[in-house]
Amino acid sequence: MDVSMLSLLAKTTSMMEYLGFLWVVQTGLELNLWAEMETARSLKELMIIHPEWDEILLDHWLEQAHYMELLTKKNDFFQATKLAKAINKYRSLGLEALYKELVEHWAIGFAELPRLITKQRAKLTLEKDMEEELIAKASIASEPFVWPYLRSKCQKEQWKSVLDLGCGEGRYLKILGSEFSDLCGVGIEMNPAVAERAQEKVKEHDGRIRILCQDIFSLVYQQKDSLLELGNFDLCLLNNSIYYFTQEQRIQLLGSIREFLKPGGQVGILTAVRKGSPVRVFRTHLPQNLMSFFLACHQGFEGLPTTEEIRSLLLQTGYDDVDMAVMPLGTSHYFFARKTDECQETSR
Ligand SMILES: C[S@@+](CC[C@H](N)C(=O)[O-])C[C@H]1O[C@@H](n2cnc3c(N)ncnc32)[C@H](O)[C@@H]1O
């Protein structure tokens with residue numbers, strides 16, 4: 001057989017394996033089977049618990065999960081492996097939202113690619129559940145890597161007031177508030193359903209952390225005074241939200257944020273980045289570039305920035321001392337930069 005045909009077949013079968021993993025994990029999450037399978041159970045027992053379910057399909061699910069080393073099998077009894085237990089343990093840390101996003105949105109969105117590229121159809125719009133749930137929840141998946149870095153940075157820089165633009169569920173403000181008892185924060189989130197969950201999360205901080213349900217742009221441009229009344233900030237975070245803005249909006253926003261920062265104040269941009277050329281050994285750029293591709297299929301989104309774009313954006317909009325840290329696994333990048341000294345600027 002032609003070698004290229006052979007390699008194509010090999011790629012195709014491994015792709016099917018990955019897709020199978022995605023579907024099996026997502027189904028287990030949705031039907032809460034990972035929790036149920038922490039106890040060893042046979043198909044018969046499962047059917048007694050769920051008499052209305054399709055026995056043939058459940059049998060196939062158990063078999064696939066077993067092949068994928070997510071379930072062990074002893075006689076007729078299946079039980080969750082360590083990997084499956086981790087799925088259940090970390091489901092609320094972004095994992096469940098991420099799998100749902102991949103299965104229910106990415107597949108359908110990418111199926112439209114030929115018509116999108118040839119402009120035979122309008123760009124996609126984000127579905128309601130993506131806007132209200134999945135995007136904000138899935139971004140929590142990077143928190144275990146990001147938080148230790150942000151915490152040590154906060155300790156070193158002694159930030160006392162933080163503005164979080166596009167704060168989502170308010171997780172970072174919540175943990176910053178818990179770790180640093182003298183830290184105050186304001187989170188801005190435009191989606192009412194997400195802002196409400198954020199509000200709920202930070203209420204234990206007795207008013208030290210506030211959430212405003214507002215569009216960043218209306219606040220920064222039309223209601224600037226009400227934001228200035230909240231005081232100036234040591235740090236302004238744009239965590240996993242920069243990709244919501246066009247290049248022009250990014251320039252305007254970063255320029256305007258300077259006004260709300262104290263002298264020497266900093267801006268922190270957490271984002272996955274699009275990589276220029278493929279890295280052959282650890283192919284960590286693949287999912288990021290695919291995410292960028294998926295975002296760009298939607299109205300108002302231009303995809304993820306590259307590291308060079310963020311660097312030059314910061315320098316261009318009045319920041320210096322740019323520092324970039326690559327988070328473990330190489331997906332998220334954290335950029336910090338300091339507001340340029342006004343005197344330094346006028347003397348240029
Ligand atoms: C991917 S989530 C990230 C949430 C959080 N910062 C994190 O890292 O976990 C981005 C959030 O930004 C919000 N957002 C996007 N554009 C916004 C705007 N113009 N004003 C306010 N919030 C915005 C979205 O609704 C979404 O909840």
>> Just checking: which of the strands (runs of 3 or more DSSP E) contained wholly in the stretch 137-243 hold 2 or more residues that are more than 15 Å from the ligand (Cβ to nearest atom), in contact with a Lys or Arg (Cβ under 7 Å, 6 or more places away or on another chain) and under 30 Å from residue 274 (Cα atoms)?
In response: 233-239
> If the Cβ limit is 8 Å and pairs must be 6+ apart or interchain, which residue in the stretch 13-28 that is under 18 Å from residue 108 (Cα atoms) pairs with which residue that is among the basic types (Lys, Arg) and in a helix (DSSP H, G or I)?
Replying inline: 26/100
> Looking at (1) surrounded by fewer than 21 Cβ atoms within 10 Å (Cβ to Cβ); (2) touching a residue at least 40 places away in the same chain (Cβ under 8 Å); (3) touching a strand residue (DSSP E or B) at 6+ places or on another chain (Cβ under 8 Å); (4) closer than 19 Å to residue 169 by Cβ, which is the only condition residue 270 fails?
Replying inline: (1)
> Which of the residues belonging to the stretch 244-257 are polar (S, T, N, Q) and assigned to a helix (DSSP H, G or I)?
Replying inline: 247, 249, 252, 256
>> Test of understanding: among 44, 85, which residue is surrounded by 14 or more Cβ atoms within 10 Å (Cβ to Cβ), assigned to a helix (DSSP H, G or I), of a type outside the set (A, V, I, L, M, F, W, C) and in contact (Cβ under 8 Å) with a residue 12 or more places away in the chain?
In response: 85
>> Out of the residues in the stretch 116-134 meeting the condition of being part of a loop (DSSP other than H, G, I, E, B) and either among the hydrophobic types (A, V, I, L, M, F, W, C) or in the same structural domain as residue 193 (by TED's automatic domain parsing) (or both), tell me which one is nearest to the ligand (Cβ to nearest atom).
In response: 126
>> Based on this model, can you work out whether residue 9 counts as in contact with a helix residue (DSSP H, G or I) (Cβ under 9 Å, 6 or more places away or on another chain) and free of Cβ contacts under 8 Å to residues at least 40 places away in the same chain?
In response: no
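The values are calculated or read from the model by the stated rules, or taken from the named source; none is laboratory data. All figures in this text were calculated on a predicted structure; none of them were measured in a lab. Neighbour counts are summed over all protein chains in view; Cβ atoms, including those assigned to glycine, are modelled from backbone coordinates with ideal geometry.
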